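Have a look at the structure below, then the notes.
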Amino acid sequence: MGIASDIKDIELATGGRYRIEWAGQEMPVLAQIRQRFAEEKPLAGTRVSACLHVTTETANLVQTLQAGGADVVLTASNPLSTQDDVAASLVAHNEIPVYAIKGEDNETYYQHIHAALDHQPHITMDDGADLVGTIHKDRRGLLDTIVGGTEETTTGVIRLRAMANDGALQFPVIAVNDSATKHLFDNRYGTGQSTLDGIIRATNILLAGRVVVVAGYGWCSRGIAMRAAGLGANVIVTEVNPLRALEAVMDGYRVMPMQEAAPIGDIFVTATGDIHVLDTAHFLAMKHGAIVCNSGHFNVEINLKSLAQLADEPPQRVRPFVEAYRLDGRAIYVLGDGRLINLAAAEGHPASVMDMSFANQALAAEYMLRHVDALAAQVYTIPADVDQEIARLKLQAMGVGIDTLTAEQEAYLNQWQDGT
């Protein structure tokens, strides 16, 4: 291995390259951006530290950044989300330093975060704001050279907006998650399909006829509820937001407090971004054989510490990514250590939906460099015209045409004189 990295096994590189190429076939928008980047080099001389899930789709993103002239380092944004063959391929075939090993402990995870920051980035790319958080807590000496950052996920945006509101954020960040071509598609369709894929791979259970309790009704949870219902599950939604709860009712789901859902649920999926959504009182009420998992970014939504204290003995690994907590003659099964089940037990979102999300990431980096002098230390959304262009490119790649306004129609929409 000729470059500084920390990965599982460089010998996995060939298989990783094949899988990266397979995903790339499903990412035509990013491919078009990569081609333009290769010609124009808009990121030339820019050091990028990326803390993202190390998957085949992410590999296509970092290859695009590299094609645009960026000097990229990649580390994992979750200890269980790394695909080791992908990490090996990026090191061996693209000479991109990668610090990520699937199953790494928390100490190693943060060692890798710091290794990526040793790159002294101009731009950070986060999925959960761990780079930004570490810089502001422990690596403030890097602030002088950082132009800005991008953030991929809802949880990270929540953290960054909290920092901005407190006056703590020291450089601008573009909330990629807030782009329509990200959260309307990646969060809903990507999370919906990949979460159920992870549950099924981990358990091999039939979802039809089961009671699936989905915590939250944001875009990720909507996708999970939609796909679970599509497979024949009886879906219950729990919420704290009355508008979202009302929408879930109107979408045909039962809505109730988690404490009421706890005794009747067969499968529980959290995707709220908050802490202890499943807590002690819920565990005490759950039936024997209840399955709990998380599709939110951090493994804090299920209070695993409480569950371990309630259990009569240490958890038992009964299948890969399935641990049984036994209490009072019952077993509660936790999937993927409470971490992102779609990446812990499966392969994450399908490439075709990540195509738009990572197109946003690449274009956000370009936008950041072009507008650095105009951006304050705030959280921004990518401009609407960029969002629209990504959607246009995706439709074009899918062979889908749409109408355009006539001159008469445009004029009508831009005037006020004509009434009823």
Practice item. Can you confirm whether segment 177-200 contains a residue that is part of a helix (DSSP H, G or I), touching a Leu at 6+ places or on another chain (Cβ under 9 Å) and over 18 Å from ARG339 (Cβ atoms)? Key: no
Point to revise | Among the candidates TYR99, TYR109, residue that is touching a Pro at 6+ places or on another chain (Cβ under 8 Å) and hydroxyl-bearing (Ser, Thr, Tyr) | key: TYR109
Review point. ASP328 is checked against (1) open to solvent by less than 70 Å² (accessible area, probe 1.4 Å); (2) within 22 Å of GLN259 (Cβ to Cβ) and fails just one. What number does that condition carry?
Key: (1)
Exercise for review: Give the residue that is most open to solvent (accessible area, probe 1.4 Å), with candidates limited to residues of segment 155-176 that are free of Cβ contacts under 8 Å to residues at least 40 places away in the same chain and either under 17 Å from THR124 (Cβ atoms) or assigned to a helix (DSSP H, G or I) (or both).
Suggested key: ASN165
Exercise for review: State which residue is nearest to GLU40 (Cα to Cα) when the search covers only segment 369-410 and only residues that are in a loop (DSSP other than H, G, I, E, B), of a type outside the set (A, V, I, L, M, F, W, C) and free of Cβ contacts under 8 Å to residues at least 40 places away in the same chain.
Suggested key: HIS371
Review point. Of the numbered conditions (1) out of contact with any strand residue (DSSP E or B) (no Cβ under 8 Å at 6 or more places or on another chain); (2) open to solvent by less than 30 Å² (accessible area, probe 1.4 Å); (3) among the aliphatic types (A, V, I, L, M), ALA44 satisfies every one except a single condition; which is it?
Key: (2)
Review point. In segment 61-84, which residues are in a helix (DSSP H, G or I) and either surrounded by fewer than 24 Cβ atoms within 10 Å (Cβ to Cβ) or modelled with pLDDT under 95 (or both)?
Key: GLN63, GLN66, ALA67, ASP84
Exercise for review: Hey, could you check segment 96-150 for residues that are small (Gly, Ala, Ser) and touching a Cys at 6+ places or on another chain (Cβ under 9 Å) and say which is nearest to GLY45 (Cα to Cα)?
Suggested key: ALA116
Practice item. Report whether or not ASP126 is out of contact with any Ser or Thr (no Cβ under 9 Å at 6 or more places or on another chain) and among the acidic types (Asp, Glu). Key: no
Exercise for review: Spot the failing condition for ASN342; the list is (1) part of a helix (DSSP H, G or I); (2) within 25 Å of GLY69 (Cα to Cα); (3) open to solvent by less than 50 Å² (accessible area, probe 1.4 Å), and only one is missed.
Suggested key: (2)
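The values are calculated or read from the model by the stated rules, or taken from the named source; none is laboratory data. Model, not experiment: these values are computed from the prediction. Here the Cβ is made from the backbone with ideal geometry for all residues, glycine too, and neighbour counts use every protein chain on show. Calculation scope for accessible area: heavy atoms of the full protein, side chains included, ligands and nucleic acids excluded. Shrake-Rupley method; radii C 1.70, N 1.55, O 1.52, S 1.80 Å.
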